[in-house]
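Data first, discussion second: the structure below is written as structure tokens.
The values are calculated or read from the model by the stated rules, or taken from the named source; none is laboratory data. Note that this is a predicted model, so its numbers are computed, not measured. When we count neighbours, we look across all protein chains shown, and the Cβ atoms used for this are built from the backbone with ideal geometry, even at glycine.
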């Protein structure tokens, strides 16, 4: 059974990620980077909504952590001004861990028969794919993110 702690942790990661990407988008100097950060922010918000619903069913309505949002904004401010390739390299490392964690949570949820969060780890895999494609110079790198945003609308 997926522990409330795993769901809360996953939700906290999404709250943090949304704040990071929102701040990075606001500070981005290049319009194409701003658009990409905003798409990533939307994906984090979408996933956060799904997790909020799952948490509400399992453990009551989650409370957003002011500290997580503040830390996310601080990290977003740093990555919003760092060179693009450095930021992507750091994200590549972070997302490798994050994909594994979300796959673990997704497996826990599937074992208990939860279908509401089916494909939960897909958003992390899409972000990781975006970063790898972006680092490789793929002009269509954002496609995995946009595809998930379309599926959920």
### Conditions (1) in a helix (DSSP H, G or I); (2) over 18 Å from residue 131 (Cβ atoms): number failed by residue 100
(2)
### Lone qualifier among 44, 32, 108, 38 - being closer than 14 Å to residue 6 by Cα and either without any contact (Cβ under 8 Å) to a residue 40 or more places away in the chain or in a helix (DSSP H, G or I) (or both)
108
### Task
Those residues that are in contact (Cβ under 8 Å) with a residue 24 or more places away in the chain, surrounded by fewer than 17 Cβ atoms within 10 Å (Cβ to Cβ) and within 13 Å of residue 16 (Cα to Cα), I need them from the range 47-68; list them, please.
64, 65
### Message
Can you go through 13, 86, 93 and tell me which one is surrounded by 18 or more Cβ atoms within 10 Å (Cβ to Cβ) and part of a helix (DSSP H, G or I)?
### Response
13
### Task
Output the number of the condition that residue 6 fails; it satisfies all remaining conditions of (1) closer than 20 Å to residue 77 by Cβ; (2) in contact with a helix residue (DSSP H, G or I) (Cβ under 7 Å, 6 or more places away or on another chain); (3) in contact (Cβ under 8 Å) with a residue 60 or more places away in the chain.
(1)
### Message
The conditions are (1) within 30 Å of residue 110 (Cβ to Cβ); (2) touching a residue at least 40 places away in the same chain (Cβ under 8 Å), and residue 14 fails exactly one of them. Which is it?
### Response
(2)
### Hey, residue 71 touching a helix residue (DSSP H, G or I) at 6+ places or on another chain (Cβ under 8 Å), surrounded by 19 or more Cβ atoms within 10 Å (Cβ to Cβ) and at pLDDT 90 or above or not
no
### Message
Condition (residue is farther than 21 Å from residue 8 by Cα, modelled with pLDDT of 90 or more and either loosely packed, with under 14 Cβ neighbours inside 10 Å or out of contact with any strand residue (DSSP E or B) (no Cβ under 8 Å at 6 or more places or on another chain) (or both)) applied to the range 110-127: is it met by at least one residue?
### Response
yes
